[in-house]
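To start, the structure itself, in structure tokens.
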Amino acid sequence: MADEVTDSSQTVAAGQLRAFIERIERLEEEKQSLADDIKDVYAEMKGTGF
């Protein structure tokens with residue numbers, strides 16, 4: 001029974017780790033998208049003479 005508890009605990013921990021990594025990856029994508037948007041705004045400002 002102790003082995004079953006350990007196995008299920010490891011499975012839960014692996015699932016949590018996977019969820020954290022997926023969240024970080026999504027946030028990194030959003031961060032890059034925002035950085036691209038900011039770059040576009042700076043280019044627009046430059047194009048209008050600011």
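Residue by residue, here is whether (1) part of a loop (DSSP other than H, G, I, E, B); (2) hydroxyl-bearing (Ser, Thr, Tyr) holds:
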site	(1), (2)
Asp7	no, no
Ala14	no, no
Arg23	no, no
Glu30	no, no
Leu34	no, no
Tyr42	no, yes
Gly49	yes, no
- prompt: Within region 22-45, can one find any residue that is of a type outside the set (Gly, Ala, Ser) and either modelled with pLDDT under 95 or at positive phi (or both)?
  reply: no
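Yes/no per residue for (1) under 10 Å from the mean Cα position of the chain (by Cα); (2) surrounded by 10 or more Cβ atoms within 10 Å (Cβ to Cβ); (3) not hydroxyl-bearing (Ser, Thr, Tyr):
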position	(1), (2), (3)
Asp7	no, yes, yes
Thr11	no, yes, no
Gln16	no, yes, yes
Glu22	yes, yes, yes
Gly47	no, no, yes
Phe50	no, no, yes
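The values are calculated or read from the model by the stated rules, or taken from the named source; none is laboratory data. Since this is a predicted model, take the numbers as computed values, not measurements. In this analysis, Cβ positions are derived from the backbone assuming ideal geometry, glycine residues included, and neighbour counts consider all displayed protein chains.
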